[in-house]
Each structure stands twice: as structure tokens, then as C-alpha cells.
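Step one of this worksheet: look at the structure below.
The values are calculated or read from the model by the stated rules, or taken from the named source; none is laboratory data. Note that the structure is a prediction, hence the values are computed from the model and not measured. All Cβ positions, even for glycine, are placed from backbone atoms using ideal geometry, and neighbour counts span all protein chains on display. What goes into the accessible areas is simple: the full protein's heavy atoms, side chains included, and nothing from ligands, DNA or RNA. Shrake-Rupley method; radii C 1.70, N 1.55, O 1.52, S 1.80 Å.
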Amino acid sequence: MTEIRDVLKTAFINLDLSATEKKAAISELAGTFVAEGVVTNESVYLEAVMKREAESTTGIGFGVAIPHGKSSAVTEPSLAFGRSQAGIQYDSMDGQPVHLMFLIAVPETSNDEHLRILSKLSRKLMHEDVRQKLMIVGNVEEIYQIFE
């Protein structure tokens, strides 16, 4: 079973996203995957994520979004976390801006890895105290503790 700690590397965490719009924010986080070599082609990966967004928004409400993409440009299952104090315009289900964004990248060949990561995240993020902690968390270790 994949643990959050296994896929959410320190390099994939941005506690101060500058983007305020959906695609730009996704791109900003995807850049961390590219920098670490888990995404070999950013535009191919982003295309997969945006195609998924076009089907239905991954802005699940409560200021949370979990965009995800399955792509041949991804070398290993990875998770990025971005936080925006200002908020990102996202077409969320509840119409509210997104403050906590989790971007999932999985290889095309992976069966349901992203669904396991997604369900683990969703279960935690349903709790208001978890979302509040993530808004004020100051370091990576604290983030791991929240998800354990």
C-alpha cells in the first residue's frame, strides 16, 4: 500500500503557490515533478491532467483540489502539494477558491495507483481539522504527520 510519505517528496511541496488560476497552479506544481525527473515531458503530462479536468472538476470543495493525470511522461507515482493563501480560481464544486492543491502523477501503465492515493487523501481531507492544519503547517515533517 502506497503511503503519502512515499509519493510526496520534499521537492514536491510548495507552501506558497504564486499562481491564482487553475491551469497556472497545476503547471506550477507540475514543474516540481519535471525538476525531479518524475515527469519527462511537462506538456504531455499537463495535457492528461487538463483532459481529466475537462471531464469534471477535481475541485472537491472546502478549498481543496486534487487534480491528477495518468501519462506516459510519468516515470513513477508521485504527489505534489501546493498551498495558496490567496486562493486559486478553480471551478470547484462549491464555487469557492482552492487553498490546498494536491497534484497526482502516475505512469500510464499503473493500474489504480492514483485511485489509492486519491482515496487516502480524500479520507483525510474530509476532516476540517486536517485542512486547518495544512493551512498553517510550516514544514514537511508536519505534513507527513498529518497524513499518518
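Considering only ASN111, ASN14, ASN41, give the residue with the highest GNM mean-square fluctuation for the chain, with springs between Cα atoms whenever their separation is below 10 Å.
Comparing ASN111, ASN14, ASN41 in the GNM, the peak value goes to ASN111.
Might you tell me the accessible area per residue for the chain, computed with a 1.4 Å probe and given in Å²? Could you put the intermediate results ahead of the total?
Numbers: 6940 Å² over 148 residues.
On a per-residue basis, 47 Å².
Starting from the eigenvalues of the Cα gyration tensor, five times each then square-rooted, give me the equivalent ellipsoid semi-axes of the chain, largest first, whole Å. Provide the component values of the computation, followed by the final result.
Numbers: eigenvalues 84, 61, 43 Å².
Whole-Å semi-axes of the equivalent ellipsoid: 21, 17, 15.
State the percentage of accessible surface on the range 2-145 attributable to carbon and sulfur atoms; use a 1.4 Å probe and exclude ligands, DNA and RNA.
Working: 3380 of 6630 Å².
Within the range 2-145, the accessible surface is 51 percent carbon and sulfur.
Quick one: grab the alpha carbon gyration tensor of the range 87-133, order the square roots of its eigenvalues as a ≥ b ≥ c, and give me rounded if a/c is under 1.5, else prolate or oblate depending on whether a/b is larger than b/c. Working shown, then result.
On the way: a/c = 2.67, a/b = 1.56, b/c = 1.71.
Note, shape of the range 87-133 comes out oblate.
Taking a cut-off of 23 Å between Cα atoms, list the lysines near LYS124, but don't count ones fewer than 8 places away on the same chain.
Of all the lysines, those that pass the test against LYS124 - Cα under 23 Å, at least 8 places apart if same chain - are LYS9, LYS22, LYS70, LYS133.
Counting only helical runs of four or more DSSP H residues, what would the 222 nm mean residue ellipticity of the chain come to if each run contributes -39,500 (n - 2.57) and the total is spread over all its residues?
The per-residue figure over the chain is -12500 deg cm²/dmol.
Name the residue, out of GLU21, GLU42, GLU55, whose mean-square fluctuation peaks in a Gaussian network model built on the chain with Cα pairs under 10 Å.
Maximum among the listed residues: GLU55.
Points 7 angstrom from Cα along the Cβ direction at GLN85 and GLN132: gap in nanometres?
About 1.9 nm, to one decimal.
List residues of the range 76-91, by number, whose backbone nitrogen lies under 20 Å from a label position 7 Å along Cα→C-beta of THR109.
Counting only backbone N, you get 76-79.
If I take R0 = 41 Å and measure r between the Cβ atoms of THR40 and ASP16 in this structure, what FRET efficiency does the formula 1/(1 + (r/R0)^6) give, to the nearest 0.05?
Numbers: r = 27 Å, r/R0 = 0.65.
E between THR40 and ASP16, to the nearest 0.05, is 0.95.
With a point put 7 Å past each Cα toward its Cβ, work out how far SER122 is from MET50 in nm, to one decimal.
2.5 nm
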